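The values are calculated or read from the model by the stated rules, or taken from the named source; none is laboratory data. As the structure is a prediction and not an experimental result, all values here were calculated from the model. When we count neighbours, we look across all protein chains shown, and the Cβ atoms used for this are built from the backbone with ideal geometry, even at glycine.
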């Protein structure tokens with residue numbers, strides 16, 4: 001089923017899996033990778049790059065399982081958000097973070113406009129161009145894709161515990177979010193956050209807003225607590241769970 005396409009030659013900034021998937025769901029993974037391309041000295045340790053500051057651990061494994069089960073296309077960024085955050089607008093103060101979760105990023109301090117523009121051209125621009133292109137292809141064949149972004153979050157942030165197992169982030173349009181929330185709330189023992197631990201007011205909804213608004217597409221952002229997806233088996237479990245819910249939805253509203 002799955003064909004994997006890498007776009008561009010510069011450290012593979014974007015990967016598309018299952019480009020011709022039959023599902024109307026289009027999966028997005030903004031923070032799939034902790035890869036720092038050669039030539040970027042961030043001043044961090046290898047252990048730092050395994051932390052949430054560099055990527056969303058577990059998100060890609062979940063997204064790939066969902067892609068497989070739904071026969072859905074998946075677009076992932078292959079470069080760490082420490083280089084440039086693909087889920088931030090170009091004017092965001094944390095587009096290139098100098099500080100992340102109380103950790104200073106020495107290599108991101110005092111960057112010139114040209115240095116920031118280089119990073120945007122390396123990762124941010126090709127990622128969003130790939131999303132635009134795939135959406136345009138789908139619309140040209142009379143398919144309105146539903147955009148589903150997969151993320152993970154830390155169980156503790158700045159000393160405060162987060163009780164949710166999964167959070168559903170949405171804007172004013174809840175056509176897709178509402179049935180996803182209902183599907184998750186039906187699972188016994190699952191603590192579901194609604195616009196928790198983030199909301200669009202935190203500027204975390206950029207990718208979905210950018211690509212959905214002009215075309216009136218349905219969107220939802222799914223945040224899984226990352227201590228629940230620390231193994232391949234756990235990633236598959238969450239991928240199956242979310243694919244089942246979306247599979248039921250796509251037969252009704254997509």
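Computed quantities for the displayed model
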{"read-out": "Residue 3 being surrounded by fewer than 18 Cβ atoms within 10 Å (Cβ to Cβ) and modelled with pLDDT under 95", "value": "yes"}
{"read-out": "Enumeration of residues in region 187-231 that are touching a residue at least 40 places away in the same chain (Cβ under 8 Å), more than 22 Å from residue 94 (Cα to Cα), in contact with a strand residue (DSSP E or B) (Cβ under 9 Å, 6 or more places away or on another chain) and assigned to a loop (DSSP other than H, G, I, E, B)", "value": "217, 218, 229"}
{"read-out": "Every pair of residues 6+ apart whose Cβ atoms lie under 7 Å, when the first sits in region 85-96 and is over 17 Å from residue 14 (Cβ atoms) while the second is modelled with pLDDT under 95", "value": "92/203"}
{"read-out": "Residue check for residue 106: surrounded by 19 or more Cβ atoms within 10 Å (Cβ to Cβ), under 23 Å from residue 53 (Cβ atoms), in contact (Cβ under 8 Å) with a residue 12 or more places away in the chain and over 15 Å from the mean Cα position of the chain (by Cα)", "value": "no"}
{"read-out": "Verdict on residue 91 being within 20 Å of residue 223 (Cα to Cα) and outside any helix (DSSP H, G or I)", "value": "no"}
{"read-out": "Hey, residue 254 at pLDDT below 95, in contact with a helix residue (DSSP H, G or I) (Cβ under 9 Å, 6 or more places away or on another chain) and either surrounded by fewer than 18 Cβ atoms within 10 Å (Cβ to Cβ) or outside any strand (DSSP E or B) (or both) or not", "value": "yes"}
